[in-house]
1. Give a residue-ordered list of calculated ³J(HN,Hα) values for region 4-11 (Karplus: 6.51 cos²θ - 1.76 cosθ + 1.60, θ = phi - 60°; whole Hz; x for Gly, Pro).
2. From the square roots a ≥ b ≥ c of the eigenvalues of the alpha-carbon gyration tensor of region 11-128, which class results: rounded (a/c under 1.5), prolate (a/b over b/c), or oblate?
3. Using only the Cα atoms, work out Rg/Rh for region 108-218, with Rh taken as the Kirkwood radius, to two decimals.
4. Would you mind checking the tilt of helix 64-78 against the longest principal axis of the Cα atoms of the chain, expressed as 0 to 90 degrees and rounded to 10?
5. For the chain, with every protein chain kept in place, what is the accessible area per residue (1.4 Å probe, Å²)?
6. Could you give the length gained on full extension between Cys144 and Ser101, defined as 0.36 nm per residue of separation minus the Cα-Cα distance, in nm?
7. For the chain, with all protein chains present and a 1.4 Å probe, just round the carbon and sulfur fraction of the accessible area to a whole percent.
8. Suppose only helical runs count, i.e. DSSP H with n ≥ 4. What mean residue ellipticity at 222 nm does that imply for the chain under -39500 (n - 2.57) per run, divided by all residues and rounded to the nearest 500 deg cm²/dmol?
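The values are calculated or read from the model by the stated rules, or taken from the named source; none is laboratory data. What you are looking at is a predicted structure, and each value in this text was computed from that prediction instead of being measured. Cβ sites come from the backbone with ideal geometry, for glycine too, and all protein chains shown count toward neighbours. When the accessible area is computed, the model is the full protein with side chains, heavy atoms only, and any ligands, DNA or RNA have been set aside. Shrake-Rupley method; radii C 1.70, N 1.55, O 1.52, S 1.80 Å.
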Amino acid sequence: MAKVAIVSGGSRGIGAAVCRTLAGEGYTVIIDYRVNKAAAEKLEYELRALGLNAEAYCCDVSDESSVKRLFSYVLKKYGRIDVLVNNAGVSNYELFTDISSDSWDYIMNTNLKGAFFMSREALGDMISNKRGRIINIASMWGICGASCEVAYSVSKSGVIGLTKALAKEVGPSGITVNCVAPGVIQTDMLKDISEEAVEMLKEETPLGILGTPEDVADCVAFLASDKAGYITGQVLSPNGGMVI
Ligand code: NDP
């Protein structure tokens, strides 16, 4: 039976690239989405047309009962969970003094609490089978902090902390937990940032280019592979040299 990978936020951007890469490597991929059913189903059809295994499933990672439904569905239908990629994320761009309590909660509940809910459910199956890979998508801003993105930076620092602490706790069960902390990657997430700001970010990047979703997907595929069997609790940052 094919290995099963669940990718949160798999409908678009980095998540969609991760789904394509892991499906290409033989995984049955569960394409989780929150609202964008059309994009998730389009990706499911695209992968199936190539003879690959994929299924789109609606789950809001910030909703505990929605997460529980996703995992019980996958376990009942496919019987295993080998890889969890906590990719679903949202960002905001505002002055710290303007951040509302609701905006703070929205970012934390999606980016950090979502990774907690998803990992906790995945570990039920992984611990009893003494194998599994959890790969969290953080951000370079979680390492060095970004002005006007304090809530986002805090949530991603939290994801890095979750990765390190959980790696220690579940290592004895044969499970690795790692983190990919990308730099600036060309996706919908950049649409609220002005062209000038994106140009400036590019100029600040030693390699002089923005990253692609595939750059991140390749890191995820490596951490999921047998080649990364001795790597856990680590942060791999594809960022073009922006944070060294
Ligand atoms: P996009 O905005 O392109 O896509 C976000 C994805 O997350 C969508 O699939 C969306 O689903 C999903 N999503 C959002 N909220 C939820 C939720 N509550 N439950 C389930 N799914 C949800 O983002 P990117 O591809 O750019 O980002 C992916 C990850 O990479 C994020 O964690 C982001 O923080 C991180 N990252 C991105 C960088 C960048 O420069 N782009 C840089 C560093 C990190 P739907 O389609 O249904 O809305």
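1. Computed from phi, the couplings for region 4-11 are 10, 10, 9, 10, 6, x, x, 6 Hz.
2. oblate
3. Radius of gyration relative to Kirkwood radius: 1.04.
4. 40 degrees
5. The answer is 47 Å² per residue.
6. Contour length minus Cα-Cα distance gives 13.1 nm.
7. Here carbon and sulfur together make up 54 percent of the probe-accessible area.
8. Value at 222 nm, helices only, nearest 500: -14000 deg cm²/dmol.
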